[in-house]
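Below: one structure, written as structure tokens.
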Amino acid sequence: MTIKNLNEKIKAYALKNAIAHGGKANSGTIVSALFNEKLEKSKVKEIMPKIQEIIEEISDLNLNEQKKEFEKLKKFTSERGIREGLLKLPNAEKGVVMRFAPSASGPMHAAHAIVAGLSINYVNKYGGKFYQRIEDTNPEKTDPESYKLLTEDGEWLSQGISKTIIQSDRMDLYYGYALALIEKDAAYVCECSGDKFRELAKNKKECPCRKKTIEQNIKDWEKMLTKSGFKEGEVVLRFKTPEKENGMQNKNPAMRDFPLARINTHEHPRQGTKYEVWPLMNLSVAVDDMDLEMTHIIRGKDHRDNALRQKMIFEVFNKPIPWTGYLGRIHFKGLEFSTSKFREGIKKGIYSGWDDSKLPTLISLKKRGYKASAFLKLAEHIGLSEVDKTIDAKDFFELLDNFNRD
């Protein structure tokens, strides 16, 4: 890439980016496009002044002038060089309702910000609502600090549009839906051991508990909810995979009468000992998404089976099924995102706290001067794609720095 050719490419991509964003170009997006054009990362600092100079130059042009200039330089861009804006969502013209659902294990980190940032960007684009749902229905894995930390992170990242809901505050709602599933003969209380059920499911055989009457399942459900009733580990509430899905003959073992709720007697950091029957993810997530009327959901592609399970629950209640977009796994080389490891490091004095400068938590990155808008721009740049990606820590922070300067 010659100097002249490079200058023309910078200007071409700057114009393309500016046209897509109302006349204002973003240096981080331009750098990313040049990376795809084989620009060496070691050259970024060297060419950054030129990028800024060209951005200032084209900012003096109105949108029509920018479009005319871009037509002259269009040949210097490639299709894979840059993706402008967000992929269009279907049926979103009247607004969207979207969510991000972190577990209550600690604060948000940079990887969370990319996933949440995509949904926030779409809500900003189409209008609507964005919920941050704190998933805390696993008592022994819930960190009491996370409620405050996650709420503050969500409000900061979303720039005030986030509404936080907490699953353990919605237990009566989950219980109501569980009972309704039983009454519709779509769930049953299973007394088989885990090993026995797994063996039956593996061989596509029905559990004897599946033949219980609705009346008996209601009684057993009430017994589950009674602290003097069933003991921890004795029973689970299972979804009865419908015949239209081939029941226990379903070709996907994950779809065969999956569990919905179980007894867990660990004291909960928020609810204490008030509850002992806790919904599992597929019940609580499906109920929340129905109750809050989600229209579009972005989730990791490793949750495909869960999406299918939740779809079956939606169908029992004849509820509209949200459009789902899947995100490929993003592997960050040289960056650790385990909140349990962070917490252990804090206990051992390796880190001063969640805001330690060595941690990639949002509370730390915010303290270091990063803006929420930088993460939202980075999320848009990475985009909604099922393709797995590997991002080196150095490259990640170079991109984030570029977006943050803008």
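With respect to Lys227, is the statement that it is farther than 22 Å from Gln310 by Cβ and outside any helix (DSSP H, G or I) true? In short, yes. For first residues located in the range 281-305 and more than 12 Å from Pro322 (Cβ to Cβ) and without any contact (Cβ under 8 Å) to a residue 40 or more places away in the chain, partners that are charged (D, E, K, R) and surrounded by fewer than 23 Cβ atoms within 10 Å (Cβ to Cβ) and lie 6+ apart or on another chain with Cβ distances below 9 Å form the pairs Asp302/Arg329.
Candidates in the range 293-304 are the residues that are surrounded by fewer than 18 Cβ atoms within 10 Å (Cβ to Cβ) and outside any helix (DSSP H, G or I); of these, the one that is farthest from the chain's Cα centre (by Cα) is Glu293.
In the set Ser373, Ser357, only one residue is surrounded by fewer than 18 Cβ atoms within 10 Å (Cβ to Cβ), closer than 16 Å to Ile114 by Cβ and of a type in the set (Ser, Thr, Tyr); that residue is Ser373.
A quick yes/no check of all residues on (1) hydrophobic (A, V, I, L, M, F, W, C); (2) more than 30 Å from Arg270 (Cβ to Cβ); (3) surrounded by fewer than 18 Cβ atoms within 10 Å (Cβ to Cβ); (4) touching a Pro at 6+ places or on another chain (Cβ under 7 Å):
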| site | (1), (2), (3), (4) |
| --- | --- |
| Lys45 | no, yes, yes, no |
| Ile51 | yes, yes, no, no |
| Glu57 | no, yes, yes, no |
| Asp60 | no, yes, yes, no |
| Leu63 | yes, yes, yes, no |
| Phe70 | yes, yes, no, no |
| Asn121 | no, yes, no, no |
| Tyr126 | no, yes, no, no |
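Can you confirm whether Leu181 is farther than 30 Å from Trp221 by Cβ, aliphatic (A, V, I, L, M) and touching a residue at least 40 places away in the same chain (Cβ under 8 Å)?
no
Evaluated against (1) crowded, with 19+ Cβ neighbours inside 10 Å; (2) acidic (Asp, Glu); (3) in contact with an Asp or Glu (Cβ under 7 Å, 6 or more places away or on another chain), Asp220 falls short on exactly one condition, (3). Remark: pairs (first residue in the range 330-355, more than 15 Å from Lys394 (Cα to Cα) and without any contact (Cβ under 8 Å) to a residue 60 or more places away in the chain; second residue aliphatic (A, V, I, L, M) and surrounded by 14 or more Cβ atoms within 10 Å (Cβ to Cβ); Cβ separation under 8 Å; 6+ apart in sequence or on different chains) = Tyr351/Leu359; Ser352/Ile346; Gly353/Ile346; Asp355/Ile363. The residue pairs whose first member lies in the range 111-136 and is in contact (Cβ under 8 Å) with a residue 40 or more places away in the chain and over 19 Å from Ser385 (Cβ atoms), whose second member is of a type in the set (Gly, Ala, Ser) and assigned to a helix (DSSP H, G or I), and whose beta carbons are closer than 6 Å, counting only pairs six or more residues apart or on different chains, are Asp136/Ser168. Report yes if Lys319 is in a loop (DSSP other than H, G, I, E, B) and out of contact with any Pro (no Cβ under 8 Å at 6 or more places or on another chain), otherwise no. Yes, satisfied. Would you confirm whether or not the range 242-250 contains a residue that is touching a strand residue (DSSP E or B) at 6+ places or on another chain (Cβ under 9 Å), buried (at least 17 other Cβ atoms within 10 Å of the Cβ) and modelled with pLDDT of 95 or more? Within the range 242-250, not a single residue is touching a strand residue (DSSP E or B) at 6+ places or on another chain (Cβ under 9 Å), buried (at least 17 other Cβ atoms within 10 Å of the Cβ) and modelled with pLDDT of 95 or more. For the range 176-204, a tally of residues being under 21 Å from Gln271 (Cα atoms) and either crowded, with 18+ Cβ neighbours inside 10 Å or acidic (Asp, Glu) (or both) returns 2.
Asp257 fulfils the conditions (1) part of a loop (DSSP other than H, G, I, E, B); (2) out of contact with any strand residue (DSSP E or B) (no Cβ under 6 Å at 6 or more places or on another chain); (3) touching a residue at least 24 places away in the same chain (Cβ under 8 Å) except for a single criterion, (2).
Of everything in the range 305-335 that is surrounded by fewer than 14 Cβ atoms within 10 Å (Cβ to Cβ) and at negative phi, the residue that is nearest to the chain's Cα centre (by Cα) is Arg329.
The values are calculated or read from the model by the stated rules, or taken from the named source; none is laboratory data. The model shown is predicted, which means the values in this text are computed figures rather than measured ones. Backbone-built Cβ (ideal geometry, glycine too); neighbour counts: all protein chains shown.
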